[in-house]
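Novice: Pasting a structure below so you can have a look.
The values are calculated or read from the model by the stated rules, or taken from the named source; none is laboratory data. Keep in mind the model is a prediction, meaning the values are calculated, not measured. Every residue, glycine among them, receives a Cβ derived from its backbone with ideal geometry; neighbour counts consider all protein chains shown. Note: areas computed on protein heavy atoms with side chains; ligands, DNA, RNA excluded. Shrake-Rupley method; radii C 1.70, N 1.55, O 1.52, S 1.80 Å.
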Amino acid sequence: MNRLLFLTGNAGKLAEARHFFEPLGYRVEQFLIDGEVPIVIEPQSDSLKDVATSKIEQAKVHLNQSGQNGSILVEDAGLFIDELNGFPGVNSASVLKQIGLSGVLNLMSEITHRGAEFRACAVLFTGEELVFGVGVCRGTITSETLGDSGFGYDPIFSPDGEASGRTFGQMSRPEKEDFSHRAKALQSIKKQLDLLRR
Ligand code: IMP
């Protein structure tokens, strides 16, 4: 069985990746060196693809130095709010830490058009080549936090097409996967791997 080392500290993301890649014969593991997720530097860029590419290049170096082998997966995502010119975008993680969900809702208190999208860019290094997948999930920012499932901005994001207007924070993981930007990015990689194997 091929090892697929996912560079992430997020258990939810690991579970999603298992769901996609284990049926293809990959054993998905968290990428750890001496029990720690290797540190990679987040480059200054507005492009998720540039950020993910830089992270995979750094992860390749860590993999070589650690003497482990396997494919590597990295993924970068963010929330892009229409009326805030794409804020918080690539800075989603740090903005959430600094102002929290209540800070984002305060910034939007006077805004009536509440459209936004999650974007994800995933990159898999097979050992020989890089395979990219992108995914977008459109939705709206709610006026209050709803639900406590998931992580990050889930409690204030309601995906388009969700009949009762629930947020990701009110959905189970499999329910979220029907809409999720990350699921679309991983699905795209999965399809390309299927094709490469033919
Ligand atoms: P990452 O690059 O995928 O770790 O995402 C950066 C930040 O974007 C995370 O720390 C979250 O705050 C936010 N984010 C990304 N994907 C999601 C999601 O599926 N739900 C909620 N927040 C997300």
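Novice: Determine whether the range 147-155 contains at least one residue that is open to solvent by less than 30 Å² (accessible area, probe 1.4 Å) and either within 28 Å of residue 24 (Cα to Cα) or out of contact with any strand residue (DSSP E or B) (no Cβ under 8 Å at 6 or more places or on another chain) (or both).
Specialist: So far as the range 147-155 goes, yes, one or more of its residues are open to solvent by less than 30 Å² (accessible area, probe 1.4 Å) and either within 28 Å of residue 24 (Cα to Cα) or out of contact with any strand residue (DSSP E or B) (no Cβ under 8 Å at 6 or more places or on another chain) (or both).
Novice: Looking at the range 88-95, can you tell me whether even one residue there is part of a loop (DSSP other than H, G, I, E, B) and within 20 Å of residue 182 (Cβ to Cβ)?
Specialist: No: the range 88-95 contains no residue that is part of a loop (DSSP other than H, G, I, E, B) and within 20 Å of residue 182 (Cβ to Cβ).
Novice: Can you tell me which residue among 40, 28 is assigned to a strand (DSSP E or B) and closer than 16 Å to residue 122 by Cα?
Specialist: Matching residue, one of 40, 28: 28.
Novice: Is it true that residue 118 is in contact with a helix residue (DSSP H, G or I) (Cβ under 6 Å, 6 or more places away or on another chain) and surrounded by 21 or more Cβ atoms within 10 Å (Cβ to Cβ)?
Specialist: Yes.
Novice: So which residues in the range 55-89 are surrounded by fewer than 19 Cβ atoms within 10 Å (Cβ to Cβ) and within 14 Å of the ligand (Cβ to nearest atom), if there are any at all?
Specialist: 86, 87, 89 - these are the residues of the range 55-89 that are surrounded by fewer than 19 Cβ atoms within 10 Å (Cβ to Cβ) and within 14 Å of the ligand (Cβ to nearest atom).
Novice: Okay, next question. Taking the condition part of a helix (DSSP H, G or I), open to solvent by less than 30 Å² (accessible area, probe 1.4 Å) and of a type outside the set (A, V, I, L, M, F, W, C), does residue 169 pass?
Specialist: Yes; evaluated as a whole, the condition is true for this residue.
Novice: Moving to a separate point now. Can you report the number of residues in the range 90-109 which are near the ligand (Cβ under 9 Å from one of its atoms) and either open to solvent by 40 Å² or more (accessible area, probe 1.4 Å) or in contact (Cβ under 8 Å) with a residue 12 or more places away in the chain (or both)?
Specialist: Number of matching residues: 7.
Novice: Residue 151 versus (1) more than 11 Å from the ligand (Cβ to nearest atom); (2) of a type in the set (A, V, I, L, M, F, W, C); (3) outside any strand (DSSP E or B): which is the lone unmet condition?
Specialist: (1)
Residue by residue, here is whether (1) closer than 17 Å to residue 19 by Cα; (2) in contact with a Lys or Arg (Cβ under 9 Å, 6 or more places away or on another chain); (3) not in a loop (DSSP other than H, G, I, E, B) holds:
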position	(1), (2), (3)
117	no, yes, yes
128	no, no, no
144	no, no, no
155	no, no, yes
163	no, no, no
193	yes, no, yes
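Novice: Among the numbered criteria (1) open to solvent by less than 70 Å² (accessible area, probe 1.4 Å); (2) in contact with a helix residue (DSSP H, G or I) (Cβ under 6 Å, 6 or more places away or on another chain); (3) of a type outside the set (D, E, K, R), which one does residue 127 miss?
Specialist: Condition not satisfied by residue 127: (2).
Novice: Which of (1) closer than 12 Å to residue 6 by Cβ; (2) without any contact (Cβ under 8 Å) to a residue 12 or more places away in the chain is the odd one out, the single condition residue 72 does not satisfy?
Specialist: Here residue 72 meets the rest and fails (2).
Novice: Give the residues of the range 3-56 that are of a type in the set (Lys, Arg) and either in contact with a helix residue (DSSP H, G or I) (Cβ under 6 Å, 6 or more places away or on another chain) or touching a residue at least 40 places away in the same chain (Cβ under 8 Å) (or both), sorted by residue number.
Specialist: Listed by number, the residues that qualify are 3, 13, 49, 55.
Novice: Also: Could you please let me know if residue 186 is open to solvent by 10 Å² or more (accessible area, probe 1.4 Å), more than 10 Å from the ligand (Cβ to nearest atom) and of a type outside the set (Phe, Trp, Tyr)?
Specialist: When the stated conditions are applied, residue 186 does not pass them.
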